[in-house]
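Just so it is clear, none of the values below were taken in a lab; they were calculated from the coordinates. These figures come from a predicted structure and were not determined experimentally. Reconstructed Cβ throughout: ideal geometry from the backbone, glycine too, with neighbour counts over all protein chains shown.
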Amino acid sequence: MLETLHNLAVGFSVALSPSVLLYAFVGCVIGTLVGVLPGVGPLAGISLLLPATFGMDATRAIVMLAGIYYGAMYGGSTTSILMRIPGEAASVMTCIDGYAMARKGRAGAALAIAAVGSYVAGTVSVVGLMLLAPPLAAFALRFGPPEYFALLLFGLLVLAYMSAGSMVKSLAMAVLGLLLGMVGIDQMSGYFRFAYGVVELGDGLGVVPVAVGLFGLAEILATAGQAVQPKVIEPKLRELLPSRAEWREAAGPIGRGTVLGFLVGIIPGSAHIISSFVSYALEKKLSRRPQEFGHGAVAGVAGPESANNAATSGAFVPMLALGVPSGPIPAVMLAAMMVHGVSPGPLLIRQQPELFWGFVASMYVGNLVLLILNLPLVGIFVNLLRVPYPYLYPAILTFSILGVYAVNGSVVDVWIMLGMGVLGYVLRKLSFETAPIVLGVVLAPMIELALRQSLAMSDGHYGIFFQRPIAATLLVVGLGMMLLSLRTFIRRGLDWRARMALAEKGES
Amino acid sequence: MPSASSGSHKAGRTLTVDRVAGGGLAVFAVFVLWQSRALPLGSLANPGPAYMPMALATLLLAAGLAIAILGRDTPGVGSLGFGEWRHAVAIFGACAFAALGLERLGYRLTIFLALLFLLGVVERKRPVVGVVFAVGFAAGTYFLFDTLLRVQLPRGPFGL
């Protein structure tokens, strides 16, 4: 422990040097701007700005890129809350209650809660990164395809179980998402599936066009033509900050989201996305008023926002300690480190302690910079809502088209967004939740690959999922939850039948 | 105005929201099953490329049927308001035009025309306001993304 504190002191001496501090600040500012622009997520932001760091020394370059990463993760929540456009998939859950809070005139409170939640999660998870990196990374390495398959299936079952609405409908939406995720080249055999000659569909449906279509475009299609236009919100200064009651409501979800996000973040895959979905579902289940979710529940913003930021730090654990990237963004970060002559892995901490601990300390500094930067900006961001809707929605549409096109430079993505917009519009009319579709699209290729790799490992025996302790535990818990849901479902059915019987009696 | 109980009773005999939704999902699932025939199914022990889509489509079919069967208590389809459909079609049309024009006319011209249509025709704003907004937004976003952020946006005739 003393050694850790000593190392951290060394790290702070690096991170607080004026030049490193400046690069952390610049990274956070650029990251926030990148995150606020829909479509340009952290991955695109880091990739675009990587060449700009080539002339810097390794510490400054990595500190700046990390600032862009968590700045973008935070910035993504702004458009989700104000316009219902997820900057990237991890912000999807924030769209639901964040936007509902904005429509109730609590946009400032939602943004402030997201900022503070992100700060707390970011800071606490850095402590976790510092203390738990080696043992947790070793644990995460025990995840092979069977464990991974069990975890992904578990994630889907948790989502369905935690759903306060119809479980069948949530499951149907998740399955629909998984089916949409099947489009593209089959990773094991190389077959084109459901591509109908469109070469661009070989890579499958992108998460950004699907999410922007289902959330942003569907919202505009449904509201732009209503007889009563959405009211122009004119927030007052005192309404910008959350009330005491809202802080109280946010405290628990921030704490839970932080722990959950960090733990999920360590596991390979799109951890920050999964963590925000699971956090939302958990908060909905734990809430005394689950009916408020979807209509502006504070916990629906605080939990997922904290979880996705904690997962951001969690993702650095296997990357720094083992040199194993846990997703596309850490992979680009890893590449950036290697470009600068740094080889992440078990030897990094021993051979380049100044870089490792300087990076860790810069994360504390970066989180503080983000908080200081973003809280005063809440007022400015919220003023976007003063723009009358007939001007606001064409602007949102432009950003959506531009952002979706910018990801791959492909018009096919714009068409996918349009298709998803229509689907989201129809599903919204039919009272279906669309968030599980996005999760399904993200998980589909991973879950299929994990299943087929597991079966290849076991010569086709499904017993492999129950012979390995981690996979077996996850599956048993998941199946247990399904059975519990079925019990509630049957009981509800009996209640419904009993009500019908009573009604018929009354009529006769 | 019919009472709630009579409304739900009536809904039990007509097309309800969940019946339509469940039916739609089931039809889509059947379509996927049909389309998957072209791909090798493999076996239970060695799944082929059609295995997962077929398994998922079967699950979706079951879920769709369950939603349809359990959905007789939900409101009738007539209760769904589609009053905004003209607006929705116009917005979709503008977006479709943008998708078609982006690589043919270039970003700035396409977005200018789409915004002009939305503000001038759909929202009936004054032409001057529409033109100023459309020009400003198309040029401003181009400058931000293409010039500052170096995101390559398509150019059209005359380098526009």
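Values as computed for the structure displayed
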item	result
Percent of alpha-carbon pairs separated by more than 19 Å within chain B	72
For the range A:93-118 and the range B:122-160, distance of Cα centres in Å	30
Whole-angstrom gap from the range A:269-312 to the range A:13-32, using each part's C-alpha centre	30
Per-residue Cβ neighbour rank within 10 angstrom, fewest leading, A:TYR196, A:TYR425, A:TYR280, A:TYR389	A:TYR196, A:TYR389, A:TYR425, A:TYR280
Range of Cα positions in the range B:116-155 per principal axis (Å), largest first	35, 14, 13
Shape metrics for the range A:419-482, restricted to C-alpha atoms - Rg then Dmax, Å	16.7, 46
Sorted by Cβ density within 10 Å, fewest first, the residues A:LYS284, A:LYS429, A:LYS104, A:LYS169	A:LYS104, A:LYS429, A:LYS284, A:LYS169
Relative contact order for chain B, counting Cα pairs under 8 Å that sit 6 or more residues apart, in percent	22
Least to most buried among A:LYS285, B:LYS125 (fewest other Cβ within 10 Å first)	A:LYS285, B:LYS125
